[in-house]
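The values are calculated or read from the model by the stated rules, or taken from the named source; none is laboratory data. Given the structure is predicted, the values throughout are model-derived calculations rather than measurements. Positions of Cβ are backbone-derived with ideal geometry, glycine not excepted, and every protein chain shown enters the neighbour counts. Ligands, DNA and RNA are excluded from the accessible area calculation, which covers all protein heavy atoms including side chains. Shrake-Rupley method; radii C 1.70, N 1.55, O 1.52, S 1.80 Å.
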Amino acid sequence: MRRVKSDHGTITFFVAFGAVRQMCRLATTFDTQKQAFSYLQKHRTEFEHMARRRLASGELEDGVVVLSML
């Protein structure tokens, strides 16, 4: 997983699915990007599983897997 950018409490990152990289966006309630990124890293495995399930079921918004806090 690689972080791309953040906008306040929203982190955009990529998850690898074989040779394909899928863009994902995690919306959080944190005020800073540092807090949001720390949260993402702490729960990385769960978010990767959620992203894979949503991609497999076609749950995309403008080609992006959108996730929210656990």
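Find all pairs meeting these conditions: Cβ atoms under 9 angstrom apart; at least six residues apart or on different chains; first residue within the range 36-62 and farther than 17 Å from Ile11 by Cα and acidic (Asp, Glu); second residue open to solvent by less than 60 Å² (accessible area, probe 1.4 Å) and at pLDDT 90 or above. Pairs that qualify, where the first residue is farther than 17 Å from Ile11 by Cα and acidic (Asp, Glu) and the partner is open to solvent by less than 60 Å² (accessible area, probe 1.4 Å) and at pLDDT 90 or above, are Glu59/Val65; Glu59/Val66. Any residue at all in the range 48-63 that's open to solvent by less than 100 Å² (accessible area, probe 1.4 Å), in contact with a Cys (Cβ under 8 Å, 6 or more places away or on another chain), aliphatic (A, V, I, L, M) and at pLDDT 90 or above? Yes, some residue in the range 48-63 is open to solvent by less than 100 Å² (accessible area, probe 1.4 Å), in contact with a Cys (Cβ under 8 Å, 6 or more places away or on another chain), aliphatic (A, V, I, L, M) and at pLDDT 90 or above. Within the range 23-47, the set of residues being part of a strand (DSSP E or B) and open to solvent by 40 Å² or more (accessible area, probe 1.4 Å) comprises Met23, Arg25, Ala27.
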